[in-house]
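Here, each number is a calculation from the coordinates, and none is a lab measurement. Remember, predicted model here, so these are calculated numbers, not experimental data. A quick note on method: Cβ atoms are made from the backbone with ideal geometry, for glycine too, and the neighbour counts reach across all protein chains shown.
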Amino acid sequence: MRWDSEEILSSDQEVGRGSAISENEHGGSVEEPEYEASDAPVVALGSSPGDPIELHQASQVQPLWHRIHPLGVVVCALLVASVIATVVGTDYLIGNLAWWHWLGLLALLALSLRLTALHAVRLRLEGITTITGGVAKYLGWLVFLVSLFNVVTRYTGRYIETDIIIGEMMSFAWMTFAFMFLIGMNWGVREQINPRIDFWWAEFSDRRKAWLDFVMHVFFFLPFVLVAIRILWDYGRKGLGMKFTGEWPDGWHVWNSWETAWDAGSLPIGPIKFLTFIGFVLLGLQVLAEIIKTGFVIIGREDLADLQKHDEFQRIE
């Protein structure tokens, strides 16, 4: 049975404009049908054939949960608890917040509704971590050189039977190491070098990892850091010479009021005691940045989380 080329072409068009006919039965060529681009927007089928939904509009419509950072939910709950504690009356801090506490919580709540602004805050916090991490890297070399000097002088003194060890250099060595550790803690948290059960952790998806980190940081890590900051504030100031009454000594020779070490010839330990407070403040800022980052992953905004792939755990059998 012979079919005309026109019938073949029309049947192909009815099926859905299938493959073009390049040659008819008489050897003549048949022109391929031209497909003109339509100006109508691309649509997707809705729940019924009569309800088309434009794709670009569907991508913009997101659930409320994906437009609010999880940190905002935590801050909102904390604000409610603080209001209740203030009304009821309590001696705990949650019922006696200062004005700047309220201002900070309200600012976090407002930022949780503006994801791009919260992302910018996280970048600024991690910028501080980048600077302190770079300083800690060079302090490592300084610790090495000072320790090498102490070792050389110790063995040289034994050889010439003379004690040439300098007490200030001994104390400077451990203070430099402590300073390197204090300002490098935040960098360690950002690079995720803290101990983990890697062979178990590596099997989790990014979303599950984010949930675990978010819960642990919000309910355990951050409260610990805040308590440490609260304790170290007075601890560090007393090391710099503040009296137990809260008064500071008169005069501009502030180094004379610094707390001194028990060892003779050692450097004052007041500054390094105050640097413990600075170190935990830097750690708290990076923990906040990690909470923001993991919250973005939870709500499906990985583009704002800037996830970095780390080396996979190498099993040692």
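Sort 298, 160, 94 by Cβ crowding within 10 Å, fewest neighbours at the top.
By the 10 Å Cβ count, ascending: 160, 94, 298.
Find, among the chymotrypsin sites (Phe, Trp or Tyr not before Pro) in the range 169-227, those assigned to loop by DSSP (not H, G, I, E, B) with at most 12 other beta-carbon atoms within 10 angstrom.
For chymotrypsin sites (Phe, Trp or Tyr not before Pro) across the range 169-227 that sit outside H, G, I, E and B with at most 12 neighbouring Cβ atoms in 10 Å, the list reads 204.
Can you give the local net charge around residue 207? Use residues other than it whose beta-carbon is closer than 14 angstrom to its beta-carbon, Lys and Arg +1, Asp and Glu -1.
Details: positive: 208, 209, 293, 301; negative: 203, 206, 213, 302.
Combined, the nearby Lys, Arg, Asp and Glu give 0.
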- Query: Can you work out the FRET efficiency for the pair residue 200 and residue 73, with r the C-beta to C-beta distance and R0 = 25 Å, to the nearest 0.05?
  - Reply: 0.35
- Query: What FRET efficiency comes out for the pair residue 169/residue 255, r = Cβ-Cβ distance, R0 = 22 Å, nearest 0.05?
  - Reply: 0.75
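Taking the Cβ of residue 270 as the centre, find all other residues whose Cβ is under 9 Å away and add up their charges (Lys, Arg: +1; Asp, Glu: -1). Numbers along the way, then the final one.
Working: positive: 238, 273; negative: 259.
Taking every Cβ under 9 Å from that of residue 270, the sum is +1.
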- Spin-label pair residue 215/residue 153, simplified geometry with 7 Å Cα→Cβ offset, distance in nm: 5.3
- Item | Label point distance in nm, residue 306-residue 137, each placed 7 Å from Cα along Cα→Cβ | 1.6
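Can you sort 69, 253 by how many other beta carbons sit within 10 Å, fewest first?
Working: 69 26, 253 8.
Final ranking by Cβ density, sparse to dense: 253, 69.
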- Item | Spacing of the two label points (7 Å from each Cα toward its C-beta) at residue 145 and residue 84, in nm | 5.8
- For residue 209, which lysines qualify as cross-link partners when the Cα separation must be under 16 Å and same-chain residues fewer than eight apart are set aside? 293, 309
